[in-house]
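Here the structure is laid out as structure tokens; the discussion comes afterwards.
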Amino acid sequence: MNHHSHHETHMHRDSPADVLDLDAEVHRGYLASLVEWIADRSAPRVIVDVGAGTGTGTCVLAERFPEAELIAVDRSPQMLARVRDIAGQYGFQDRVRTLEADLDAGWPDVESADLVWAALSLHHVRNPNVFLQQLHDSLKPGALLVVVEMESQPRFLPDDIGIGTQGLEARAHTLAAERGWNNHPDWSDDLERAGFDVEAVRRTEIDLDGNTTTARTYARTVLGKLREGLGNSLSADDLDTLDRLCADHGLDSLSTRTDLRVRGNRTAWAARKLDRGVK
Ligand SMILES: C[S@@+](CC[C@H](N)C(=O)[O-])C[C@H]1O[C@@H](n2cnc3c(N)ncnc32)[C@H](O)[C@@H]1O
């Protein structure tokens, strides 16, 4: 499903919501395979998407589980407005509700779910152990929690891009990692400590053609954000190279290069609330 195709496909889609939509478009195949992995373990009637963002997970799950009611939870009203918009475009409005809640303030008062989906969101929660404990205690036995994370932003370029100093992207990612971007533990221990049974962990390497309009725009957005976020930590030479890459035109621009890929990874944890006394 391409529930984001109504957007323009020019190179400037830079808002936080745009980044999430681009990520969803580029990783559509991955998401489709992930929901099949979930369908092997769960036939949910109630699904809660925590830290739902623009509704990537909500919509993919609504499509795969046509009988399910879905509740998208986020603290951002702007994000939730996008969820409602997109859910409406695909005819899911009768099954998708949104709930504005700050997960740092505790597990919200939401009906008990058969499936909880927390994609790229658990590492944002201030005290994930308290959160996981509250979530665990709120669930019915048999309910499944799926947590998804990525280790870093995707990479798009070869080491040698013909300009600047080789290894620019690796240097930028090392700096970003030092600043804790996307930092998350292996959640297995935290999940078990909260009482969940970690049934499966699925780590997927992603390596896609990056020479498509969407991937180019995604690359420009991600590299532009690295440039913005790392600023003075990068050398003048690297900053200049990033500017040339992110420029709208020119031989070095991401809009015209032919050597782009989308390389990254995602890890998914499937964690079950057990029947009391079974564990
Ligand atoms: C990186 S986005 C992931 C969105 C979506 N799950 C996806 O896979 O595209 C993280 C989302 O978590 C939300 N978020 C972060 N901290 C939160 C909190 N304490 N309470 C509720 N939502 C939170 C943000 O507003 C954002 O929409």
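Per-structure values
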quantity	calculated
Per residue value of the accessible surface for the stretch 27-164 (all protein chains in place, 1.4 Å probe), Å²	42 Å²
Restricting the stretch 107-199 to trypsin sites (Lys or Arg not before Pro) in coil, as DSSP defines it, with at most 16 other Cβ within 10 Å	Arg126, Arg179
Electrostatic dipole magnitude of the chain [Cβ: Lys, Arg +1; Asp, Glu -1; Cα centre; debye, to 20]	380 debye
Per-residue HN-Hα couplings for the stretch 97-103 [Karplus 6.51, -1.76, 1.60; θ = phi - 60°; Hz; x = Gly/Pro]	10, 10, 9, 7, 7, 9, 5
Rg(Cα) / (2.2 N^0.38 Å) computed for the stretch 131-279, rounded to two decimals	1.35
Residues Gln134 and Thr174, FRET efficiency given R0 of 25 Å [Cβ-Cβ distance, rounded to 0.05]	0.10
Glu228 versus His124: modelled label distance in nm, points set 7 Å from Cα along the beta carbon direction	1.6 nm
Rel. contact order, % - alpha carbon contacts under 8 angstrom, at least six apart, the chain	21 percent
Inter-probe distance in nm under a simple model that places probes 7 Å from Cα toward Cβ, at Leu274 and Arg203	2.5 nm
Percent antiparallel among DSSP beta bridges (both partners in the chain, rounded to 5)	55 percent
Where labels lie 7 Å past Cα in the beta-carbon direction, separation of Arg193 and Asp259 in nm	4.4 nm
Long-range HN-HN contacts of Ala143 with modeled amide H, under 5 Å	Lys273
Anisotropy class of the stretch 61-122 from Cα gyration tensor, a/c 1.5 cut	oblate
Sequence-separation-based contact order of the stretch 54-162, relative, with Cα cut under 8 Å and 6+ spacing, percent	23 percent
Gain on full stretching of the segment that runs from Ala32 to Asp102 - 0.36 nm per residue minus C-alpha separation	22.4 nm
Share of alpha-carbon pairs per 5 Å distance bin for the chain, given as whole %	1, 5, 12, 16, 17, 16, 12, 9, 6, 3, 1, 0, 0
Gyration tensor verdict on the stretch 43-149 (Cα atoms; rounded if a/c is under 1.5, prolate if a/b is larger than b/c, oblate otherwise)	oblate
³J(HN,Hα), Karplus 6.51/-1.76/1.60, whole Hz, each residue of the stretch 263-272, x for Gly, Pro	10, x, 7, 9, 10, 10, 10, 10, 10, 9
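The values are calculated or read from the model by the stated rules, or taken from the named source; none is laboratory data. The shown structure was predicted, so the numbers you read here are calculated from the model rather than taken from an experiment. Ideal geometry is used to build each Cβ from the backbone, glycine not excepted, and the neighbour counts take in all protein chains shown. Areas reflect the complete protein model, heavy atoms only, side chains present, ligands, DNA and RNA absent. Shrake-Rupley method; radii C 1.70, N 1.55, O 1.52, S 1.80 Å.
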